[in-house]
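Please treat every number below as a calculation from the coordinates, not as lab data. As the structure is a prediction and not an experimental result, all values here were calculated from the model. In this analysis, Cβ positions are derived from the backbone assuming ideal geometry, glycine residues included, and neighbour counts consider all displayed protein chains.
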Amino acid sequence: MAAVTNTFENVKAIVLSAHKCTTTGEKVNFYNSWAENYDQDVAVLDYRAPSLAANSINSYFSGDREEAVVLDVACGTGLVAKQMKRHGFGHFVGIDGSEAMLELARESGLYQDLKQSMLGEGPLPVQWGLFDVVVIVGALCVGNVPVGVVRELCKSTKPGGYICMTTRSNLENVEYKAALERELKQMEDDGLWTCVEVAEVEDWERALSEQEDGYISGAVYLYKKLQL
Ligand SMILES: C[S@@+](CC[C@H](N)C(=O)[O-])C[C@H]1O[C@@H](n2cnc3c(N)ncnc32)[C@H](O)[C@@H]1O
C-alpha cells in the first residue's frame with residue numbers, strides 16, 4: 001500500500017524538532033526515527049540538493065562513469081546515488097551515522113559498500129586517494145557534520161578527482177557557511193584543491209523557520225583535487 005504523503009506543516013514540525021538535539025548521538029537518533037518517511041517528506045520540501053549536486057558533477061566529470069568509484073558521504077537513504085546513476089555513474093560506496101538510513105540505502109541496491117560512521121569523531125573509514133568523486137549533500141550544515149571533515153573528503157579523493165559539497169544559505173546556517181567557505185579557501189591556498197564551480201541557488205528548498213518564507217537559498221561547491 002502506498003504511504004500517505006505528509007503535509008508541509010507536519011514535515012516542518014518534524015524537521016524543527018531536530019533543533020532540540022544537542023549531541024550528535026541525539027541527531028543520529030533523530031535520523032533513525034525519520035528514515036522511513038525521509039524520501040517522501042523531503043519531496044514535500046522540494047528538496048533538490050541531490051539533483052543539483054549530481055548536475056554539477058555531470059557538467060565537469062570527463063572520465064569513464066561506469067568505472068568511476070563514488071564516495072557518498074552522509075548518504076542517507078541514497079538520493080544522491082539515485083541522481084548520479086541517471087548520469088551514468090554505477091559504483092557507489094556510502095557512509096552515514098544512522099543505521100536506519102543505511103538500511104534504506106542498502107535496500108536501494110545502489111551501493112557496493114555501506115559503512116556506519118560518525119563524521120567528525122574520527123577519520124573517514126575509507127582508503128585515502130581511492131575515489132574518483134566524493135560527494136556530501138544535505139549534511140554540511142549547523143548541528144550536523146563539522147566543517148573540518150572537508151579535509152577528509154579531499155584526502156579520500158584521487159588526485160584529479162572531484163569533491164562536490166552543498167550547504168544552505170538560510171539565517172540559522174550563516175555562521176556555518178562562512179566557516180565552511182573559509183576552510184574551502186584555506187585548502188585552496190594550501191595547494192590541496194582548486195575551485196571548479198560555486199553555484200548559489202535561490203530556490204534550494206522550502207523555508208521552515210518563522211523568520212523566512214517561500215524558499216531558502218543554498219550553494220553547490222565543486223572542487224578538483226590537485227595532482228601531487
Ligand atoms: C539531510 S540527510 C541527507 C542525506 C542525503 N545525502 C540526501 O541528500 O538525501 C543528512 C544525513 O547526514 C547524516 N549525518 C548527519 N550528521 C552526521 C554525522 N555527524 N555523522 C554521520 N552522519 C551524519 C544523517 O544520518 C543523515 O542521513
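Footprinting exposure proxy ranking of Leu184, Leu192, fewest other C-beta atoms within 10 angstrom first, gives Leu192, Leu184. In the chain, a dipole from Cβ-located charges (positive for Lys and Arg, negative for Asp and Glu) runs towards its positive end, and of Thr22, Gly214, Thr157 it is Thr157 whose Cα lies farthest in that direction. Each peptide in 68-77, 108-117, 19-28 gets a packing score, the mean of other Cβ atoms within 10 Å over its residues, and the list from highest to lowest is 68-77, 108-117, 19-28.
Mind listing which GluC sites (Glu not before Pro) in the stretch 104-176 are in a DSSP loop and have 13 or fewer other Cβ atoms within 10 Å?
Those that pass, being in a loop and sparsely packed, are Glu121.
Against the longest alpha carbon principal axis of the chain, how many degrees, from 0 to 90 and to the nearest 10, is the axis of helix 8-17 turned? Roughly 70 degrees, rounded to the nearest 10. Residues whose amide H lies under 5 Å from that of Gly161, counting only those 5 or more places away or on a different chain, are Lys225; hydrogens are built 1.01 Å from N in the peptide plane. For each pair in Lys12/Lys177; Lys85/Lys225; Lys82/Lys158; Lys20/Lys155; Lys85/Lys185; Lys82/Lys185, compute the distance between the two Cα atoms and list the pairs where it is over 25 Å. The answer is Lys20/Lys155; Lys85/Lys185; Lys82/Lys185. In the chain, a dipole from Cβ-located charges (positive for Lys and Arg, negative for Asp and Glu) runs towards its positive end, and of Gln227, Met118, Ser59 it is Gln227 whose Cα lies farthest in that direction.
Placing +1 at every Lys and Arg Cβ and -1 at every Asp and Glu Cβ, with all other atoms neutral, what dipole size does the stretch 35-183 have around its Cα centre, in debye to the nearest 20?
On the way: 13 positive and 20 negative charges, 90 e Å.
That gives a dipole near 440 debye.
Model label sites at Ser169 and Glu197, defined 7 Å from Cα along the beta-carbon direction, differ in position by 1.6 nm.
Based on Cβ point charges of +1 for Lys and Arg and -1 for Asp and Glu, what charge dipole magnitude is obtained for the stretch 161-203 about its Cα centre, in debye rounded to the nearest 20?
Values: 4 positive and 11 negative charges, 21 e Å.
Using Cβ point charges on Lys, Arg, Asp and Glu, the stretch 161-203 gives about 100 debye.
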